[in-house]
């Protein structure tokens, strides 16, 4: 890439909001990213917002790749194996291409250099990790044989009149030796998601669908992270409040959907914005 194309840089009026998606910036090396972002700064009006996204360096999807030095650019060989049924992947002619994995520190360095090159202030507002729980390659295991296949059961939570086997949402996290800070985070994260699912299973056991009464209310332990406590409480309150609904399948159509949203909220609240998910997003303010 040589930066923004002339059709945009010269011919288009400035935008208030610039953004990338689908890991766009992971297709470029650091120097190219700096050039693109510096061009955006030059093209922007006096005040604008830029949102950029890369692939996260430390997703559990590619635990086998964690060892590459953070001070060096690393491009993974990204396989599009997930478009094939599982039984065909071993024999399919799977396309692949290089995509760069980054952590927050690397993005901050890119932004600093783009600011220096353009002479324009770029202020980081927010970093966040996306898709810790349902990244594409959790299902393939191409870069981590221990990955749980979560996409189908998570999607099933949002299907009308489909009751999900909630135990299929439980994750047996396997740590990688020598990466304590990463292992500690993922152990906490999957402990939280597992606890939410187990609490929901326990509350459904003996749940009175006529009255919404719960025979079992598991204890919320004091050491649980606050987002986990809130998620468990939300699912409980919904279960207690929908017993009067006699239409359709309350578990499949309401309770499981709320569990899906609770898992999503849990991921949003617990992610550290450092490169732990399939995608790492940064939101930045451009001021001239």
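In this calculation the C-beta distance from residue 244 to residue 149 is compared with R0 = 41 Å, giving a FRET efficiency of 0.70. Taken along the Cα-to-beta-carbon direction at a fixed 7 Å, the label points for residue 30 and residue 163 span 5.5 nm. The GNM of the chain, with springs linking C-alpha atoms under 10 angstrom apart, assigns the highest mean-square fluctuation among 278, 199, 47 to 47. Between residue 215 and residue 174, what's the calculated FRET efficiency when r is the beta-carbon distance and R0 is 35 Å? Round to 0.05. Plugging the Cβ-Cβ distance into 1/(1 + (r/R0)^6) gives 0.50. For a Förster distance of 35 Å, can you work out the FRET efficiency between the beta-carbons of residue 226 and residue 70, rounded to the nearest 0.05? So the FRET efficiency works out to roughly 0.75. How many angstrom separate the Cα center of segment 51-128 from the Cα center of segment 146-171? Each part's Cα centre sits 26 Å from the other's. With the cut-off at under 12 Å, measuring from each backbone N in segment 69-83 to a point 7 Å along the Cα-to-Cβ line of residue 94 picks out 77-83. Checking (i) 41, 29, 17; (ii) 46, 20, 14; (iii) 39, 23, 18 against the coordinates, the calculated semi-axes √(5λ) of the Cα gyration tensor in Å falls under label (iii). Each peptide in 118-126, 264-272 receives the mean, over its residues, of other Cβ atoms within 10 Å, and ordering these scores from highest gives 264-272, 118-126.
Among 82, 18, the order by Cβ neighbours within 10 angstrom, fewest to most, reads 82, 18. Of 103, 33, the sequence from fewest to most neighbouring Cβ atoms within 10 angstrom is 103, 33. Can you give the translational diffusion coefficient of segment 39-91 in µm²/s, computed by Stokes-Einstein from the Kirkwood radius over Cα pairs at 4 °C and 1.567 mPa s? The calculation lands on 86 µm²/s.
Here, each number is a calculation from the coordinates, and none is a lab measurement. Note that the structure is predicted; figures quoted are calculated from it, not measured. Note that each Cβ is placed from the backbone with ideal geometry, even for glycine, and that neighbours are counted across all protein chains shown.
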